Amino acid sequence: MTTADSTTGGGLTARLAHFYRRSEGARGLVLLSPTMLIMLAALAAPMALLALYSFWTQDGYVVDKTPTLAQYATSFGRATYRELFYRSVEISSLVTLITVLLAYPMAYFVAFRAEKSKFLWLILLTIPFWTSYLLRVFSWKLILGYNGVINSGLMSLGIIHQPLEFLLYNPAAVVVTLAHAWAAFAILPIYVSLEKIDRSLLDAAADLGDGPIRRFFRITLPLSMPGVIGAAVLIFVPTTGDYVTPSLVGGSGGVMIANVIEVQFDKVGNWPLGAALAMASMAAVGIVTLLFVSAMRAASARIR
Amino acid sequence: MRNNAGRGGIGLFAYAIFYLAFLYVPVLFLPLFSFNDSVFISFPLTGFTTQWYGQMLADGAMLHALGNSLQVGAIASLVSTMLAIPTAKALTRYRVPGGATILGIVNLSLFIPEIVLGISLLILLNTAGVPRSLATIMLGHIVVCVPFAITVLMSRFDGFDKNLEEASLDLGENGWMTFWRVTFPLVLPGIISSLLLSFMVSFDDFMIAFFLSGTDATLPVYIWGELRFPARLPRVLALGATILVVSGVLIVLAEWLRQSGTEQPQRAEV
């Protein structure tokens with residue numbers, strides 16, 4: 001507040017005004033605080049209510065507000081729910097792994113090889129992401145279905161005579177569909193981190209005698225790890241709670257946790273149990289994500 | 001490093017083409033079968049028809065849902081872009097203490113599964129005694145759209161020369177006139193692309209609208225209901241193909257606007 005000394009006898013308001021004009025931080029905070037407060041309220045209030053509900057009980061049509069851990073006991077205690085938690089985490093871990101592995105070479109190509117057509121490639125890769133999610137998922141039901149594209153195609157080519165029944169309504173169909181639907185989400189973070197790599201580091205390694213493979217594993221890969229971690233989190237978190245894909249292509253074997261949460265808010269109408277299941281799945285996703293991020297950070301620190 | 005770009009380059013290029021095919025081919029079955037003269041979505045194709053598009057245009061309920069989606073999308077994108085402009089400006093122009101944390105808070109909805117956002121907003125409405133309507137869907141969409149709007153706007157604010165604003169202030173314009181005559185024309189492409197992208201996010205959203213809609217459905221919620229009826233599928237495919245084309249065009253436009261002019265300083269506009 002040394003600047004305030006120059007305003008002789010200006011009073012508190014004048015001093016504050018002066019400080020406001022001089023201080024970038026204060027001006028910035030004033031500019032962004034309305035939006036931040038609105039977003040905080042629009043997220044914090046519903047989240048707090050969700051947490052509250054998870055400690056209540058549904059008693060017919062009314063909600064009994066005596067705090068209890070009964071809903072959590074059910075969420076973790078019932079074998080079907082436990083299995084769904086495991087399955088959801090398993091499916092989306094697999095989706096994350098596949099999506100990131102497939103996206104890495106693609107992002108590498110755009111960052112290092114596309115040169116002048118970079119912009120075109122980025123647009124081509126992002127268009128499918130912005131088109132209807134529901135329809136992208138649904139197109140896999142058309143492709144994998146009993147009378148679907150693959151079965152009818154193979155049958156009209158005479159390769160098979162009976163439709164293949166194992167294509168649709170199982171966890172594998174969910175994995176394939178999600179890996180396709182979220183592909184673009186993995187490319188962008190990986191591309192950004194590859195793009196940031198100082199090219200002279202690669203030249204230096206080459207001059208010092210590193211071959212392309214050694215150079216990739218010692219420089220490019222470790223330096224792009226933040227992008228890989230970001231991509232993995234961006235895919236893992238939403239896919240664990242995906243509702244559309246398991247409903248459309250999962251069948252009874254591919255049901256995920258979001259399906260049972262939805263049921264609590266729809267037909268059965270046990271909101272507290274649904275809230276507890278939602279809280280538990282957020283906790284599960286949070287824990288797995290934290291473990292993953294710290295393991296990856298430790299691993300990439302060791303390579304370097 | 002250029003020396004061995006050729007050998008590995010061809011393999012990588014082939015991979016990139018395969019990857020694009022993997023992204024696009026599954027989706028292209030929608031337009032393909034939307035012109036096929038059969039209620040069954042299977043090979044062999046039986047003939048060319050535009051009747052499904054005719055049915056689509058004659059479907060009153062579908063058009064009503066489309067109208068709802070346009071309305072919700074327009075307001076949600078407008079409000080979220082207006083909320084995002086000052087935030088993006090503050091975070092790129094000023095060294096705000098705790099800026100990263102603030103960005104994290106504002107972007108928090110990206111890290112909460114959509115179903116959880118949907119049910120928690122439903123609980124909020126229920127507790128506050130607000131009946132579900134198009135307005136409540138708009139509210140939910142604003143929460144989801146703001147992070148996207150901020151990301152787009154921040155990249156635009158980052159992309160132009162900060163000295164232009166300082167020059168204007170030094171030359172005696174006040175803060176408001178500087179914003180109006182310097183900042184606004186420069187970020188206008190970013191604002192339009194933020195509006196377009198937020199609109200797409202809202203228009204595409206199913207999960208939040210699914211929980212927050214009352215009797216009036218948005219288009220994705222309406223489509224969800226239609227997917228159960230095989231006889232109406234071709235009509236849904238026609239609609240899907242139309243959405244793909246229109247949103248593809250909008251996205252290219254939005255990206256082009258966001259990128260254009262960030263490379264070189266635009267002195268002519270000032």
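Only the coordinates and a few stated rules stand behind these numbers; no lab work does. Everything quoted here is computed from the prediction, not taken from an experiment. Counting neighbours? That spans all protein chains shown, and the Cβs are built from the backbone with ideal geometry, glycine included.
If you take the square roots of the eigenvalues of the alpha-carbon gyration tensor of chain B and sort them as a ≥ b ≥ c, do you get rounded (a/c under 1.5), prolate (a/b over b/c) or oblate?
Oblate shape, in that a/c is at least 1.5 and b/c is the bigger or equal ratio.
Please report Rg over Rh for the protein assembly as shown, where both radii come from the alpha carbon positions and Rh follows the Kirkwood definition. Don't skip to the end; give the middle numbers.
On the way: Rg = 25.9 Å, Rh = 26.1 Å.
Taking Rg over the Kirkwood Rh, I get 0.99.
When the convex hull of the C-alpha atoms of the stretch A:156-205 is computed, what volume per residue in Å³ does it have?
172 Å³
I'd like the distance between the alpha-carbon centres of the stretch B:169-245 and the stretch A:120-176, rounded to an integer number of Å.
26 Å
Quick one: net charge of A:W56's neighbours, Cβ under 11 Å, K/R +1, D/E -1?
-1
Scale the Cα Rg of chain A by the rule-of-thumb value 2.2 N^0.38 Å and send over the ratio, two decimals.
1.34
What dipole magnitude, in Debye to the nearest 20, does the stretch B:60-261 give about its Cα centre under +1 on Lys/Arg Cβ and -1 on Asp/Glu Cβ?
Around 300 debye, computed over the stretch B:60-261.
Based only on other Cβ atoms within 10 Å, what is the fewest-to-most ordering of B:Y19, A:Y61?
Exposure proxy ranking, most exposed first: A:Y61, B:Y19.
Can you check what the net charge comes to around B:L30, using other residues whose Cβ is under 15 Å from the Cβ of B:L30 (Lys, Arg +1; Asp, Glu -1)?
Neighbour charge sum, excluding B:L30 itself: +2.
Can you give the relative contact order of chain B as a percent, counting alpha carbon pairs under 8 Å and 6+ residues apart?
30 percent
Going by how many other Cβ atoms sit within 10 Å of their own, how do B:I10, A:I235, B:I41 line up, fewest first?
Ranking B:I10, A:I235, B:I41 by Cβ neighbours within 10 Å, fewest first, gives B:I10, B:I41, A:I235.
Within chain B, what's the longest stretch lacking GluC sites (Glu not before Pro) that sit in DSSP loops with no more than 16 other Cβ atoms inside 10 Å?
Free of exposed loop sites, the longest segment is B:1-172.
For the charge dipole of the stretch A:69-303, defined by +1 on Lys and Arg C-beta atoms and -1 on Asp and Glu C-beta atoms about the Cα centroid, which residue among A:V192, A:G251, A:W182 has the Cα displaced farthest towards the positive pole?
Sorting the options by dipole projection puts first A:V192.
May I ask for the angle, rounded to the nearest 10°, between helix B:184-204 and the longest principal axis of chain B, with both axes built from Cα atoms and the value confined to 0 to 90°?
Roughly 30 degrees between the two axes.
Which ³J(HN,Hα) values in Hz, rounded to whole numbers, follow from the phi angles of the stretch A:88-98 under the Karplus curve 6.51 cos²θ - 1.76 cosθ + 1.60, where θ = phi - 60° and Gly and Pro get x?
4, 5, 4, 4, 6, 5, 4, 4, 4, 4, 4
Calculate the mean, over all residues of peptide A:46-55, of how many other protein chain Cβ atoms lie within 10 angstrom of the residue's Cβ.
Partner Cβ neighbours, averaged per residue: 5.
How many nm is it between the label spots at B:F229 and B:E173, if each spot is 7 Å from the Cα in line with the beta carbon?
5.7 nm
Give the lysines reachable from B:K89 as a straight Cα distance under 20 Å; neighbours fewer than 8 places away on the same chain don't count.
Within reach: B:K162.
So, counting K/R as plus one and D/E as minus one, what does the shell of residues with Cβ under 14 Å around B:A58 add up to?
Cβ neighbours under 14 Å give a net charge of +1.
Report, in whole Å, the centroid distance computed from the Cα atoms of the stretch B:12-91 and the stretch A:227-304.
First find each Cα centre; the distance between them is then 26 Å.
Tabulate in residue order the Karplus-calculated ³J(HN,Hα) for the stretch A:60-66, using 6.51 cos²θ - 1.76 cosθ + 1.60 with θ = phi - 60°, rounded to whole Hz; enter x for Gly and Pro.
Values, residue by residue: x, 8, 10, 10, 7, 8, 6 Hz.
Per the helix-only calculation at 222 nm, which mean residue ellipticity applies to chain B, given -39500 (n - 2.57) for every DSSP H run of n ≥ 4 and division by its residues, nearest 500 deg cm²/dmol?
Dividing the helical sum by the residues of chain B leaves -24000 deg cm²/dmol.
List the trypsin sites (Lys or Arg not before Pro) within the stretch B:199-245 that DSSP assigns to loop and that have no more than 11 neighbouring Cβ atoms inside 10 Å.
Working: sites: B:R228, B:R232, B:R235; in loops: B:R228.
Those satisfying the criteria are B:R228.
For the stretch B:174-180, in order, what is each residue's ³J(HN,Hα) by Karplus, 6.51 cos²θ - 1.76 cosθ + 1.60 with θ = phi - 60°, in whole Hz (x at glycine and Pro)?
The phi angles translate into 7, x, 5, 5, 4, 4, 5 Hz.
Evaluate peptide B:21-31: per residue, the Cβ atoms of other protein chains within 10 Å of its Cβ; return the mean as an integer.
Averaged over the peptide's residues, the number is 6.
Excluding same-chain residues fewer than 8 positions from A:K118, which aspartates and glutamates have a Cα within less than 18 Å of its Cα?
Output for A:K118: A:E195, A:D198, B:E255, B:E263.
What does the structure give for A:133-145 when I average, per residue, the other chain Cβ atoms found within 10 Å of the residue Cβ?
Values: counts 6, 13, 14, 7, 2, 9, 11, 3, 2, 9, 4, 1, 2.
Per residue, the number of nearby Cβ atoms from other chains is 6 on average.
Among B:125-136, A:153-164, what's the highest-first ranking by average C-beta atoms within 10 angstrom per residue?
Most protected by this proxy first, the peptides run B:125-136, A:153-164.
Mean residue ellipticity at 222 nm from the helices of chain A, using -39,500 (n - 2.57) per DSSP H segment of n ≥ 4 over the full residue count, to the nearest 500 deg cm²/dmol?
Using -39500 (n - 2.57) per qualifying helix, the result is -22500 deg cm²/dmol.
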